[in-house]
Amino acid sequence: MRHFALTIGAAIGFFVVNIGMTACAGDIPPAPKASTYAPAADLVKAVDDYIDGIAEILESEEDFKDLQSKVVKDAETVAVLALVLGLHDENTPYKAAAPALIKAARELSAAAAKDYASAKKALAALQAAKSAAGDPNSLKWEKVASLKELMEQVPLVNSRLKRNMRRFERQADVIAVDSAVIAAIAQGSMANLDETSKPENAEQWFQFCAAMRDAAAQLNKAAKSKDTAGAEKAVAALAKTCDDCHAVFHPEALGKTE
């Protein structure tokens, strides 16, 4: 089986205050149309890839034991991607399925933290949720995933993104998907203010999340138009948003996002 790299130079450990799905302090700013920062087709591809990757890991208990933390992280990421798809202004195959996907992804995350058998059962439910018919109007911008897991996912995606930048012309489609994932995580993370080390700094948190989202959106657009110079500029802007945020919320992580 193909194994996944798990090396993170430094865990992006925004100190967890509360990992429950409670409302955060401060009012989340109105979100722009999701199509402006994370095209639906890219997010659908990402959801499928993450679920397929989890299924591959769960083909054997040995692989699961080696990559258990990745299953948890990827399940949490599916939850936030599903939320963005459910609230998306574009029609998507997973718009109606979004409520069920979020629920099943959260349940898989909890199950994977326990044992292999529980994770296998929860994976089957997540795969079935892709075909669910729910009401996306029940969704709103709220916390659906752990900030710790999301912030540890970002450097993994960013490292892959930077590697693919060396083969920009050939990997532009992959870069577009990864940038959409980062943009969706940034937007979704606004609701996780209460899990940061400084929940009283609401305005700064929202600004940093928006800056990260918008830089990733620019990278997505550059990848789709095969604009190498624009993509390089967007990658630099994206890195700066991480450093700016770390300077306030997690200074010991500065320069250690990969």
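The values are calculated or read from the model by the stated rules, or taken from the named source; none is laboratory data. These figures come from a predicted structure and were not determined experimentally. Every residue, glycine as well, gets a Cβ built from its backbone with ideal geometry; the counts of neighbours run over all protein chains shown. Accessible surface areas use protein heavy atoms only, side chains included; no ligands, DNA or RNA. Shrake-Rupley method; radii C 1.70, N 1.55, O 1.52, S 1.80 Å.
Of the conditions (1) of a type in the set (Asp, Glu); (2) in contact with a Lys or Arg (Cβ under 7 Å, 6 or more places away or on another chain); (3) open to solvent by 20 Å² or more (accessible area, probe 1.4 Å), ASP178 clears all except one; give me its number.
With (1) of a type in the set (Asp, Glu); (2) in contact with a Lys or Arg (Cβ under 7 Å, 6 or more places away or on another chain); (3) open to solvent by 20 Å² or more (accessible area, probe 1.4 Å) applied to ASP178, the lone miss is (3).
Looking at this structure, is GLY255 at pLDDT below 95 and either outside any helix (DSSP H, G or I) or of a type outside the set (Lys, Arg) (or both)? Spell out how you get there, then give the answer.
Working: at pLDDT below 95: yes; either outside any helix (DSSP H, G or I) or of a type outside the set (Lys, Arg) (or both): yes.
Here the answer is yes, as GLY255 does meet what is asked.
What are the pairs with Cβ atoms under 9 angstrom where one residue, in the range 99-120, is closer than 23 Å to VAL44 by Cβ and the other, located anywhere, is open to solvent by 10 Å² or more (accessible area, probe 1.4 Å) and modelled with pLDDT under 95? Sequence gap at least six, or different chains.
What qualifies is PRO99/GLY134; PRO99/ASP135; PRO99/PRO136; PRO99/SER138; ALA100/ALA133; ALA100/GLY134; LEU101/GLY134; ARG106/MET21.
Which one is surrounded by the most Cβ atoms within 10 Å (Cβ to Cβ), of the residues in the range 221-251 that are in contact (Cβ under 8 Å) with a residue 12 or more places away in the chain and among the hydroxyl-bearing types (Ser, Thr, Tyr)?
Going through the qualifying residues, I end up with THR241.
Being charged (D, E, K, R) and assigned to a helix (DSSP H, G or I) is the filter here, so list the residues in the range 221-241 that pass it. Spell out how you get there, then give the answer.
As a first pass, look at the range 221-241 and keep what is charged (D, E, K, R): 221, 224, 226-227, 232-233, 240.
Once the filter is applied, which keeps residues that are charged (D, E, K, R) and assigned to a helix (DSSP H, G or I), the range 221-241 yields LYS221, LYS224, GLU232, LYS233, LYS240.
Given the criteria small (Gly, Ala, Ser), modelled with pLDDT under 50 and either farther than 23 Å from ALA176 by Cα or open to solvent by less than 30 Å² (accessible area, probe 1.4 Å) (or both), does GLY9 qualify? Before you say what the answer is, go through the steps one by one.
Working: small (Gly, Ala, Ser): yes; modelled with pLDDT under 50: yes; either farther than 23 Å from ALA176 by Cα or open to solvent by less than 30 Å² (accessible area, probe 1.4 Å) (or both): yes.
The answer is yes for GLY9.
Can you name every residue in the range 96-128 that is over 16 Å from GLY53 (Cα atoms), over 17 Å from the mean Cα position of the chain (by Cα) and crowded, with 22+ Cβ neighbours inside 10 Å?
Scanning the range 96-128 gives ALA97, ALA111.
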